[in-house]
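Okay, structure first, notes after.
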Amino acid sequence: MQDNKVHIFDTTLRDGEQVPGCKLDTKQKLVIAERLDLLGVNVIEAGFPVSSPGDFNSVAEIAKIVKNATVCGLTRAVENDIKVAAEALKYAKYPRIHTGIGTSDSHIQFKFNSTREKVIERAVKAVSYSKSFVDDVEFYAEDAGRTDNEFLAEVCEEVIKAGATVLNIPDTTGYCLPEEYGAKMKYLRENVKGIENVILSCHCHNDLGMATANSIAGVINGARQIECTINGIGERAGNTALEEVVMVLKQHPYLNLETSINSRLLYDTSIMVRESMGMPVQPNKAIVGANAFAHSSGIHQDGVIKNRETYEIMDPEDVGVTESAIVLTARSGRAALAYRAKKIGYELTKIQLDIAYKSFLETADRQKEVKDEDMHVIMKEVNKISKIAML
């Protein structure tokens, strides 16, 4: 299915919750689900209903309250899993069952002690049974990243015949290079009968730090759904970060790919998830980290003050951040000092700025950051020598 819309499938409440210590209760999940719906995600993977009574209840409650997005429940290729998921999703406006099985030789041999033929048989049965409950069935080929392309194409073709509407091609172990992952999508588009009638989906893990790059390579090569989480949380090293893929596509319009996400809600959504899950975001995290729009080098500060685009490829307001931060450190120059002084109410002449800068450097050498309260002290010292014009 080929157009320029990339569907955003959020799995924060399922794959994201697999992080050790990140347990959410039903009430917290409902709040996050409502926010994801408001954010504009196309699919919310609400959980794995058969895994526990609590997860079943959470999926069922989320299914009742989500107004716009498809609500999805994960299953294995097991009839009882599928039956339980269907029950949990029965009140969803747009329900989807997400079922599948491992397809790599490693999974077939060591996980299932099975054969390729039997795996295809189980996959087809799972999709057919899911189809008896809902129209929208997504099939995942677990460890597709390490699955032989020819066999993967065979599996995909058979589950399409069985009624799958979405094909999830996961790089489960985060092993693939972007070139490899993109080529895998391209191969499937060119070699699977009926592929034009379904959506190809990217589900990438970040073990080698390439989840976002792989997902983008996937959609460039024909995938039209990206599975991701807020802040990139998830199993092991995490999943593709929703905020990253959304902004990559937004900042590269020549790709002619778009999402339905309201990017101005990204930062607040990030804060909600990190606080609910107790998972801090590293300061240098792309898009939503504390330093994502912060500048401490004097050269960079001078450029940003003159024109934001000299060192910023995004307007911070586009992701819900009020403004860029000019952080005063020993690496800051006179331009940054004058800028910050003006922000807090002091208009400095060139002579006053020279005096203030000397005092500023003495303070900056003693501490990591010069804050507004320090600035007021510095300005008082300058005022003793030369009257400062207050704004």
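Within the stretch 165-198, the set of residues being acidic (Asp, Glu) and either crowded, with 20+ Cβ neighbours inside 10 Å or assigned to a loop (DSSP other than H, G, I, E, B) (or both) comprises just one member, 171. Does residue 88 fit the bill of being over 28 Å from the mean Cα position of the chain (by Cα) and small (Gly, Ala, Ser)? No, not satisfied. Mind checking whether some residue in the stretch 255-263 is of a type in the set (Ser, Thr, Tyr), surrounded by fewer than 23 Cβ atoms within 10 Å (Cβ to Cβ) and touching a residue at least 60 places away in the same chain (Cβ under 8 Å)? Within the stretch 255-263 (the criterion being of a type in the set (Ser, Thr, Tyr), surrounded by fewer than 23 Cβ atoms within 10 Å (Cβ to Cβ) and touching a residue at least 60 places away in the same chain (Cβ under 8 Å)), the answer is yes, since at least one residue qualifies. Looking for something over 26 Å from the mean Cα position of the chain (by Cα) and on the phi > 0 side of the Ramachandran plot - is there at least one such residue anywhere in the stretch 166-188? No, the stretch 166-188 has no match at all. If you filter the stretch 56-76 down to residues that are surrounded by 24 or more Cβ atoms within 10 Å (Cβ to Cβ) and free of Cβ contacts under 8 Å to residues at least 60 places away in the same chain, you find that the one that is farthest from residue 230 (Cα to Cα) is 75. Residue 136 fulfils the conditions (1) over 21 Å from the mean Cα position of the chain (by Cα); (2) more than 30 Å from residue 90 (Cβ to Cβ); (3) of a type in the set (Asp, Glu) except for a single criterion, (2). Restricting the stretch 240-266 to residues that are more than 12 Å from the chain's Cα centre (by Cα) and outside any helix (DSSP H, G or I), the residue that is farthest from residue 42 (Cα to Cα) is 252.
With the structure loaded, tell me whether residue 275 is of a type in the set (Asp, Glu), under 27 Å from residue 323 (Cβ atoms) and at pLDDT 95 or above or whether it fails that test. Against the criterion (of a type in the set (Asp, Glu), under 27 Å from residue 323 (Cβ atoms) and at pLDDT 95 or above), residue 275 qualifies. Just so you know, in the stretch 153-164 the residues that are in a helix (DSSP H, G or I) and surrounded by 23 or more Cβ atoms within 10 Å (Cβ to Cβ) include one that is nearest to the chain's Cα centre (by Cα), and it is 156.
Taken over the stretch 40-55, residues that are surrounded by fewer than 24 Cβ atoms within 10 Å (Cβ to Cβ) and in contact (Cβ under 8 Å) with a residue 60 or more places away in the chain amount to 2.
Among the residues of the stretch 98-111, is any over 28 Å from residue 186 (Cβ atoms) and either β-branched (Val, Ile, Thr) or not assigned by TED's automatic domain parsing to the domain that holds residue 182 (or both)? No - not one qualifying residue is present in the stretch 98-111.
Kindly indicate whether residue 193 is of a type in the set (Lys, Arg), closer than 23 Å to residue 151 by Cα and modelled with pLDDT of 95 or more. In short, yes.
For the stretch 228-239, residues that are part of a helix (DSSP H, G or I) and aliphatic (A, V, I, L, M) total 1.
Taking helices (runs of 4 or more DSSP H) that do not extend beyond the stretch 289-391, which have at least 2 residues that are among the aromatic types (Phe, Trp, Tyr) and farther than 30 Å from residue 241 by Cα? Step through it out loud before you land on a result.
Numbers: elements: 298-306, 334-343, 350-364, 372-385.
Answer list for the stretch 289-391: 350-364.
Taking the numbered list (1) buried (at least 20 other Cβ atoms within 10 Å of the Cβ); (2) β-branched (Val, Ile, Thr); (3) part of a helix (DSSP H, G or I) in turn, residue 120 passes all entries but (1). Is at least one residue of the stretch 202-223 out of contact with any helix residue (DSSP H, G or I) (no Cβ under 8 Å at 6 or more places or on another chain), surrounded by 22 or more Cβ atoms within 10 Å (Cβ to Cβ) and touching a residue at least 60 places away in the same chain (Cβ under 8 Å)? Yes: the stretch 202-223 contains one or more residues that are out of contact with any helix residue (DSSP H, G or I) (no Cβ under 8 Å at 6 or more places or on another chain), surrounded by 22 or more Cβ atoms within 10 Å (Cβ to Cβ) and touching a residue at least 60 places away in the same chain (Cβ under 8 Å).
The values are calculated or read from the model by the stated rules, or taken from the named source; none is laboratory data. This one's a predicted model, so the numbers in the text were calculated from it and none came from an experiment. Using ideal geometry, Cβ is built from the backbone for each residue, glycine included, and neighbour counts are taken over all protein chains shown.
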